[in-house]
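J.: Once you've had a glance at the structure underneath, I'll fire off some questions.
The values are calculated or read from the model by the stated rules, or taken from the named source; none is laboratory data. This structure is a prediction, so every number in the text was calculated from the model and none was measured. FYI the Cβ positions are ideal-geometry reconstructions off the backbone, even for glycines, and counts take in every protein chain you see.
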Amino acid sequence: MAGTRTITRRRLLQAAGLGGLGLVLAACGRAAPQGGTPQASSGSSQVQLELWTFVNTHARWWRAMAEDYRKKVNPGFQLKVSEIAYQDLFDKLRIAIQSGGVGAPDIADVEQGAFGGFLRGGSPGFVDLTDRLQTEGYMDQLVASREALYSYNGKTYGIEHALCPVVLYYRADVWEAAGVDPTRFSTWEDYILGAKQVARSGVHALPFPAHDVLLRQRGEDYFDQAGKVKLDSPLSVETMEWILALKYQHGIAEETPDSDQAWWAAVKEGKFVSVVGADWYAGFLKDNVPELKGKWRAVALPAWEKGGRRTSCSGGTGACILDTSQHVEEAWKFLKHSMLSVEGNVRRYEMTNLYPPFKPAWKSPRLHVKDEYFGGQDLGELFSQLGPDVPPQYQSPFRTELNTKLEASMQAVLRRQRPAADVFKQVANEIRREMSEE
Amino acid sequence: MSGARRMKLAPYLFISPFFLGYAVFFVYPVLRSLYLSFFEQQGVRSQPRFVGFENYLQLLSDGLFLKALLNTTYYAAGSVFVIVPAALGLALLLTARGLHGREFFRLFFFAPYFTSGVVIAIIFSIVFSRDYGLINNYLLAPLGLPKVEWLRNPVAIMPAIILVGLWHYLGVNALYFLVGLQNIPPELKEAAVIDGAGSWQLFRYVTLPLLRPILIFVVTIAIIGSYNLFAEPAVLLGAEGGPNNAGLFMTMYLYLVGFRFLDFGYASAIGYALALIIIALTLLQLRLMGVFREE
């Protein structure tokens, strides 16, 4: 009796041990690279897609669009949306691509700053959407300069969520009290003159604007269309010198405080009364300084010369289809329904405050609402006016590396401990050397 | 025969889950990264190219790697010469006679250890703020001291990280010492007191020698922990380690090279260099403390 029980238990253990081994082997089996031949899926089939995103507002919108797609297109459609922290998402995505698609989603939101990393190596791991976008006419409906962020060597791998036009946000009450009307600025020269009326001890007209944002306003960027490093170009150095002059010559600008919390505290206290920011910055203001409701307004950026470009671009996120997906066709159909439709784009603006890069949506009255936070201003009108002028931002496999290296030296430049020309040249040359080694 | 073999097999199967997990998640990655460290591989889905010891040679002339090594060593020194002595001091205070609220203080100093490094870093990013931070406004200002840019001044960054380390690890190190102190037989101290030893002599010639095993353990753990530190500096300063890379630790550089610049081969070489440095320092430290000495 006792003996049989022992044997039974032993058998159980052996079975458990083998079962465990089986699991490990099964995991190894899955790790083998899967063939790159995605199967087309038919119209109303049972299909579950997985999507990764790093922002909760995006996740909400994706879920809403999936519901919409299920109702209108494919009742058998399921979308599993995972919210993953910003850097983790891209680390995990790269590992999944590297291992042949193990655990990879079908669709992923890839932030433009992280996209360059995927261009490094054999292939980015995303489906080339160029032909689909062109033959179905979507390329003309999207703001072309925005698609540059997800394009490389003539291939487009993603669809942009946001137009990201850069404008000047300002505290209407403060500027008005100083007798200055920012809506009448046409050039940065006008801005500096006006800002001198506003800046007092402890009150700065603005934090140092981002160098790359102003550089793009002037039509250049850290990389050009051919992927060459342009960080140390004369225009880039001159732009940096101009930014430094805002503080050291004109006395109207100051470094951004040392943490997000410190920055918003300073804004709340009225220590900074204007800021250069993209459309999404409107949402940041509402979330972080709700008590300043009604006091902020937005205007087009002052131009570098009369009649010049009145905007730039900053940020962005593209939706990409993984080329390891088994359901590429269904994913594409879903992206058309959500990313490339007027309804989808309008809903996204309503749910996430991201102004769409999809031009047919701009006329929708739902994109032109009076925003109480901005004193009843119609921000959508401003964004859509600036939309066609948004400059391109070119992608490079080395962008992350350049930004990481520049970031470490930027403070020394802003404090004039090292000349901008030297720092830019040094970082640019390091990146050029890296590029030549590959 | 078959039954006897089964009897022998069962225990191994019983312990196999751990070893299988260990093999898959530890042994394999360790060997794989050793293999990778002799290759150059840029980005995902690219073909690795054999480069021999080139990655290791490159480390010697890589300014950022040397900077990270220097920064990490700075922190390790702070850990051994600031955090460990402070923990010993705290342990002595906590064992002092007639201390009220002893249990409370033990918990008070130990509690930070339960918190994740990421959470601590987020809290300290507020504490260190120049204009709104706790330290500048409530510790330095009342003493008439100027504001310190803890996270922006390259000279202040490492002291700031050591301060975070002090807050995080003081309690747990003090706990080790506390155990050691409680294991010292009271009669030895009594005998020394009867022989006329003062409190310093008591500490120097009785307590400290008897604490040696604990001290060796704590210092070893402190060195290994220092060279593995990642979350606090990475969250406080960003993965590049803040202005002038003043807070770039070796683990952060490994992360940057591997996951941002996608050079897995070079990142593996950094990982192995890090492991070798930790082993060498630990052996040196054990030797200095006389672990290998014949008793």
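J.: Mind checking which residues of the range B:248-275 are assigned to a helix (DSSP H, G or I), among the hydrophobic types (A, V, I, L, M, F, W, C) and within 14 Å of chain A (Cβ to nearest Cβ)?
T.: Applying the first criterion (assigned to a helix (DSSP H, G or I)) to the range B:248-275 yields B:250-260, B:264-275.
Subset that is among the hydrophobic types (A, V, I, L, M, F, W, C): B:250, B:252, B:254, B:256-257, B:259, B:264, B:267, B:269-270, B:273-275.
Selection gives B:Met252, B:Leu254, B:Leu256, B:Val257, B:Phe259, B:Phe264, B:Ala267.
Listed here are the residues, each with its yes/no results for (1) of a type in the set (D, E, K, R); (2) in contact (Cβ under 8 Å) with a residue 12 or more places away in the chain.
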site	(1), (2)
A:Asp224	yes, yes
A:Gly227	no, yes
A:Asp232	yes, yes
A:Ser236	no, yes
A:Leu246	no, yes
A:Glu269	yes, no
A:Ala278	no, yes
A:Leu285	no, yes
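J.: Return a yes/no flag: does the range A:154-172 have any residue that is polar (S, T, N, Q) and farther than 21 Å from A:Phe272 by Cα.
T.: So in the range A:154-172, the residues polar (S, T, N, Q) come out as A:156.
Now drop any that are not farther than 21 Å from A:Phe272 by Cα, which leaves A:156.
Yes, the range A:154-172 contains at least one residue that is polar (S, T, N, Q) and farther than 21 Å from A:Phe272 by Cα.
J.: So B:Ala269 fits all but one of (1) within 25 Å of B:Ser116 (Cα to Cα); (2) surrounded by 23 or more Cβ atoms within 10 Å (Cβ to Cβ); what number is the exception?
T.: Condition not satisfied by B:Ala269: (1).
J.: Residues of the range A:43-66 being part of a strand (DSSP E or B) and in contact with a helix residue (DSSP H, G or I) (Cβ under 9 Å, 6 or more places away or on another chain), which ones?
T.: Residues of the range A:43-66 part of a strand (DSSP E or B): A:47-53.
Scanning the range A:43-66 gives A:Val47, A:Leu49, A:Leu51, A:Trp52, A:Thr53.
J.: Hey, could you check the range A:248-276 for residues that are away from every other protein chain (no Cβ under 14 Å) and surrounded by 21 or more Cβ atoms within 10 Å (Cβ to Cβ) and say which is farthest from A:Ser314 (Cα to Cα)?
T.: Among those residues, the one meeting the criterion is A:Ile252.
J.: Here is a follow-up. Please work out if A:Pro391 is closer than 27 Å to A:Thr311 by Cβ and more than 10 Å from every other protein chain (Cβ to nearest Cβ). First the steps, then the outcome.
T.: Values: closer than 27 Å to A:Thr311 by Cβ: yes; more than 10 Å from every other protein chain (Cβ to nearest Cβ): yes.
Answer is yes for this residue.
J.: Of everything in the range B:128-149 that's within 10 Å of chain A (Cβ to nearest Cβ) and not hydroxyl-bearing (Ser, Thr, Tyr), which residue is nearest to the chain's Cα centre (by Cα)? Break it down into steps so the answer makes sense when it comes.
T.: Just the residues of the range B:128-149 that are within 10 Å of chain A (Cβ to nearest Cβ), to begin with: B:128-133, B:149.
Retained after the next criterion (residues that are not hydroxyl-bearing (Ser, Thr, Tyr)): B:128, B:130-131, B:133, B:149.
Working: B:Phe128: 21, B:Arg130: 27, B:Asp131: 30, B:Gly133: 26, B:Glu149: 25 Å.
In this case the residue turns out to be B:Phe128.
J.: Here's a follow-up. Looking at the range A:67-170, what helices (runs of 4 or more DSSP H) fall wholly within it and have at least 2 residues that are over 18 Å from the mean Cα position of the chain (by Cα) and within 14 Å of another protein chain (Cβ to nearest Cβ)? Spell out the reasoning first.
T.: Numbers: elements: A:86-98, A:112-118, A:130-135, A:138-141, A:144-147.
Hits in the range A:67-170: A:86-98.
J.: Being outside the structural domain of A:Gly113 (by TED's automatic domain parsing) and buried (at least 19 other Cβ atoms within 10 Å of the Cβ) is true for just one of A:Ala421, A:Ala361, A:Ala428. Which residue is that? First the steps, then the outcome.
T.: Details: A:Ala421 fails: buried (at least 19 other Cβ atoms within 10 Å of the Cβ); A:Ala361 fails: outside the structural domain of A:Gly113 (by TED's automatic domain parsing).
Step by step, each of A:Ala421, A:Ala361, A:Ala428 is checked, and only A:Ala428 is outside the structural domain of A:Gly113 (by TED's automatic domain parsing) and buried (at least 19 other Cβ atoms within 10 Å of the Cβ).
J.: Give all pairs with beta carbons closer than 7 Å in which a residue from the range B:93-117 that is free of Cβ contacts under 8 Å to residues at least 40 places away in the same chain meets a residue that is part of a helix (DSSP H, G or I) and surrounded by 12 or more Cβ atoms within 10 Å (Cβ to Cβ); count only pairs at least 6 apart in sequence or on separate chains.
T.: Going by the 7 Å Cβ cut-off, the qualifying pairs are B:Arg102/B:Leu94; B:Phe105/B:Leu94.
J.: Take residues that are closer than 21 Å to B:Val155 by Cβ and tell me which of the helices (runs of 4 or more DSSP H) falling wholly in the range B:63-129 contain 1 or more. Don't jump to the end; show me each part of the working.
T.: On the way: elements: B:63-78, B:84-94, B:102-110, B:117-127.
Ranges flagged: B:63-78, B:117-127.
J.: Only one of (1) more than 29 Å from B:Asn245 (Cα to Cα); (2) within 26 Å of the chain's Cα centre (by Cα) is not met by B:Arg152, so which one is it?
T.: Every listed condition holds for B:Arg152 apart from (1).
J.: Checking A:Ala178 against (1) within 31 Å of the chain's Cα centre (by Cα); (2) over 26 Å from A:Val390 (Cα atoms); (3) surrounded by fewer than 20 Cβ atoms within 10 Å (Cβ to Cβ), only one condition comes out false. Which one?
T.: (1)
J.: Just to be sure I understand, how many residues within the range B:237-247 are among the hydrophobic types (A, V, I, L, M, F, W, C) and either within 17 Å of the chain's Cα centre (by Cα) or at the interface with chain A (Cβ under 9 Å from one of its Cβ atoms) (or both)? Explain how you work it out, then say what you get.
T.: Residues of the range B:237-247 that are among the hydrophobic types (A, V, I, L, M, F, W, C), as a first pass: B:237, B:239, B:246.
Okay, now just the ones that are also either within 17 Å of the chain's Cα centre (by Cα) or at the interface with chain A (Cβ under 9 Å from one of its Cβ atoms) (or both), so B:239, B:246.
Here the count works out to 2.
J.: Looking only at the range B:12-57, how many residues end up being among the polar types (S, T, N, Q) and within 11 Å of another protein chain (Cβ to nearest Cβ)? Walk me through how you get there before you give the answer.
T.: Here is the first cut: in the range B:12-57, the residues among the polar types (S, T, N, Q) are B:16, B:33, B:37, B:41-42, B:46-47, B:55.
Subset that is within 11 Å of another protein chain (Cβ to nearest Cβ): B:16, B:41-42, B:46-47.
Number satisfying all stated conditions: 5.
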